[in-house]
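To keep things clear, I will list the structure first and then write my remarks on it.
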Amino acid sequence: GELGAVYSKIGTTFTLWAPTASDVKVALYGTDGKNNGEAEKVLPMTKGENGSWSLNLAGDQKGQFYNYLVTIDGTTNEVVDPYAKAVGVNGNQGMVVDLASTNPEGWNEDTKPALEDPTDAIIYEMHIRDFSISDNSGISLEYKGKYNGVWQEGTTIPGTDVKTGVDHLKELGINTVHLMPVCDYYTVDESKLDIPQYNWGYDPQNYNVPEGSFSTNPFKAEIRIKEYKEMIMNFHKAGIRVVMDMVYNHTYQSYDSNLNKAAPDCYYRKWADGSFSNGSGCGNEISSERPMVRKFIVESVLYWVNEYHIDGFRFDLM
């Protein structure tokens with residue numbers, strides 16, 4: 001069935017797959033977005049079929065931050081929902097989100113640009129921050145290095161008529177942008193964006209959420225979602241398709257990752273002695289041959305296509 005926090009105005013259903021857990025609870029942190037301390041409520045979940053745990057919480061839970069408390073072999077770990085569709089700053093808490101409310105105006109009329117054959121693709125590999133962060137990019141100061149800076153029109157190198165930003169892409173004849181990883185990743189502190197920080201993004205933390213450091217406000221979970229959708233829609237208006245670089249082959253963390261704390265020995269390949277195998281060269285490798293891992297990856301891909309109108313994917317270490 002559907003995992004994660006499934007929202008409606010009359011209630012939210014939380015479901016986690018934790019097959020070896022003896023107890024699972026939902027910790028609720030309210031709607032502030034800056035509460036990383038004590039939970040306001042802790043509610044028990046009910047064990048269901050095939051290792052699933054669930055809780056139906058009545059009422060409109062929009063904006064509610066939450067985590068799971070998973071007990072395995074007598075040890076309880078706090079786990080960010082691996083299936084979260086929205087997260088707080090630095091991805092440390094999941095958030096219940098009304099996805100319909102994140103759609104920019106005109107979203108339902110958004111259509112992907114035509115491409116008769118894959119060999120017609122003229123591809124530009126882009127890092128969101130790099131694309132507009134330069135002092136002479138001509139992009140508005142508040143949008144430099146952000147999703148919004150990617151699609152700002154009418155920009156030039158100051159004092160010249162040399163086009164920058166999306167106008168430069170159109171001038172080049174680009175019809176497909178390949179985004180370096182934009183899923184929420186670990187190594188940039190989203191709460192300290194006044195400090196220069198950088199990473200390519202190949203250190204995934206939350207697979208179904210856009211990276212917060214590229215948004216104008218990483219503390220508001222719905223803002224990064226809306227701004228990412230606005231970028232996709234405006235690329236499409238410019239005649240440019242969008243391909244995402246997906247890093248399903250490993251995570252930044254290993255034993256202390258959300259996947260491993262929720263379901264140890266289920267998501268990663270390991271040696272006979274219990275140590276993590278390292279086919280990725282990054283400390284661990286996702287066990288993509290296992291049914292629940294395959295389910296996770298396939299559903300994640302479909303989610304990006306259906307919710308964000310993504311046109312294609314580049315899979316890291318295919």
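The values are calculated or read from the model by the stated rules, or taken from the named source; none is laboratory data. Quick caveat, the model's predicted, so the values are computed rather than measured. Every residue, glycine among them, receives a Cβ derived from its backbone with ideal geometry; neighbour counts consider all protein chains shown. Quick note on the areas: whole protein, heavy atoms, side chains included, nothing else; ligands and nucleic acids left out. Shrake-Rupley method; radii C 1.70, N 1.55, O 1.52, S 1.80 Å.
Taken about its Cα centre, the stretch 174-318 carries a charge dipole of about 340 debye when Lys and Arg each add +1 at the Cβ and Asp and Glu each add -1 at the Cβ. Summary value for the stretch 1-93: 34 percent relative contact order, contacts being C-alpha pairs under 8 angstrom separated by 6+ residues. Taking each DSSP H run with n ≥ 4 as -39500 (n - 2.57) and averaging over every residue of the chain yields -5000 deg cm²/dmol at 222 nm. For the chain, the dipole from Cβ point charges (+1 on Lys and Arg, -1 on Asp and Glu) about the Cα centre works out to 460 debye, to the nearest 20.
Applying a DSSP loop filter and a limit of 13 other Cβ atoms within 10 Å to the trypsin sites (Lys or Arg not before Pro) in the stretch 1-100 leaves 9, 34. How far is the Cα center of the stretch 15-35 from the Cα center of the stretch 136-173, in Å? Using only Cα atoms to place each centre, the spacing works out to 42 Å.
Pairs exceeding 29 Å between alpha-carbon atoms, taken from 9/237; 25/192; 41/270; 25/295; 144/226: 9/237; 25/192; 41/270. Computing P(r) over Cα pairs in 20 Å bins from 0, in percent directly from the structure and comparing it against (1) 31, 56, 12, 0; (2) 26, 49, 23, 1; (3) 34, 59, 7 singles out (1). Taking the inverse of the mean reciprocal distance over all distinct Cα pairs, the Kirkwood hydrodynamic radius of the stretch 232-318 comes to 14.4 Å. By definition, a body whose alpha carbon gyration tensor gives a ≥ b ≥ c is oblate when a/c is 1.5 or more and a/b is not larger than b/c, and the stretch 153-204 fits this oblate description. Among rounded, prolate and oblate, which fits the stretch 199-256 when a ≥ b ≥ c are the square roots of the eigenvalues of its C-alpha gyration tensor, a/c under 1.5 means rounded, and a/b larger than b/c means prolate? The shape class here is oblate.
Scalar couplings 3J(HN,Hα) for the stretch 295-312, obtained by applying the Karplus form with A = 6.51, B = -1.76, C = 1.60 to θ = phi - 60°, are 4, 4, 5, 4, 5, 5, 4, 4, 4, 5, 5, 7, 7, 10, 6, 5, 9, x Hz; x denotes Gly and Pro. Surface listing: 280, 101 arranged by accessible area from highest to lowest gives 101, 280, probe 1.4 Å. Based on Cα atoms of the stretch 49-104, Rg over Rh with Rh as the Kirkwood radius reads 1.02. Scanning the chain for chymotrypsin sites (Phe, Trp or Tyr not before Pro) that sit in a DSSP loop and have at most 14 other Cβ atoms within 10 Å, the longest stretch containing none of them is 1-197.
Among the GluC sites (Glu not before Pro) in the stretch 254-318, those placed in a DSSP loop whose Cβ has at most 16 other Cβ atoms within 10 Å are 289. Among the GluC sites (Glu not before Pro) in the stretch 115-160, those located in a DSSP loop and surrounded by at most 10 other Cβ atoms within 10 Å of their own Cβ are 116.
If you find the alpha carbon centre of the stretch 265-301 and of the stretch 46-80, how far apart are they in angstrom? Cα centroid of the stretch 265-301 versus Cα centroid of the stretch 46-80: 22 Å apart.
Here the simple spin-label model places points 7 Å from the Cα toward Cβ, and for residue 305 and residue 134 these points are separated by 3.6 nm. Ranking 32, 73, 316, 117 by solvent-accessible area of protein heavy atoms (1.4 Å probe, all protein chains present), from largest to smallest, gives 73, 32, 117, 316.
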